[in-house]
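The values are calculated or read from the model by the stated rules, or taken from the named source; none is laboratory data. Owing to the predicted nature of the structure, the values given are computational and were not obtained by experimental measurement. Ideal geometry is used to build each Cβ from the backbone, glycine not excepted, and the neighbour counts take in all protein chains shown. What goes into the accessible areas is simple: the full protein's heavy atoms, side chains included, and nothing from ligands, DNA or RNA. Shrake-Rupley method; radii C 1.70, N 1.55, O 1.52, S 1.80 Å.
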Amino acid sequence: MAKQSRNVQVDLSLALLTMVKANIMAYVVTAIFILFSSIVLTYTNATPQFENVISILGITVSAFLAGFDTAKVENRNGYKWGAVGGSLYFFIFLILGTVIDRLNHVAPSMICLIAALVLVISSVAGMVSVNCESRSTSRRV
């Protein structure tokens, strides 16, 4: 039996609005992680290496959130929508890092590692989002 292909039209304005909202929420989470690491570094004897760990953790959680929320645009192809949301998150990350002049001291290999991490995490989050959405709608029926 041949698999039937269904072309589903996605409202572009809705998709763009969803990506913007998802990335705003992701950067709110990023700001919380940065604030937390600043407080810990100020009031404890933590090493600056701790700041790197918290930054990577914050980027990971934020990329997951961006991919998860962006993939809610369509209830299939979650990995693609998650990757799009994560790519937008990383693009904004690069712009902000360049504007505030913080990426000058970061090795290009670290930027590539962050890009790969964001892409993989947001793609996985998109798949999780689509699967959670399809399970919750199938339970309602």
Problem set entry | Residue among 100, 34, 24 with the largest mean-square fluctuation in a Gaussian network model of the chain, springs linking Cα atoms under 10 Å | 100
For this session: Leaving ligands, DNA and RNA out of it, rank 130, 99, 120 by accessible area with a 1.4 Å probe, largest first.
Result: 99, 120, 130
Exercise. Hey, what angle do you get for helix 108-140 against the long axis of the chain, alpha-carbon based, 0 to 90 degrees rounded to 10?
Worked result: 40
Seminar exercise, completed: Given 83-89, 53-59, the highest-first ranking by average Cβ count within 10 Å works out to 83-89, 53-59
For this session: Rank 67, 107, 79 by how far each Cα sits towards the positive end of the charge dipole of the range 1-122 (+1 on Lys, Arg Cβ; -1 on Asp, Glu Cβ) and give me just the farthest.
Result: 79
Problem set entry | Longest DSSP-loop-exposure-free segment, trypsin sites (Lys or Arg not before Pro), the chain, at most 15 other Cβ within 10 Å | 7-75
Exercise. Got a sec to turn the phi values of the range 93-104 into Karplus ³J(HN,Hα) couplings, 6.51 cos²θ - 1.76 cosθ + 1.60 with θ = phi - 60°, whole Hz, x for Gly and Pro?
Worked result: 4, 5, 5, 5, x, 6, 5, 8, 6, 9, 8, 5
Problem set entry | Tilt relative to the chain, helix 48-70 - C-alpha long axis, 0 to 90 degrees, to 10 | 20
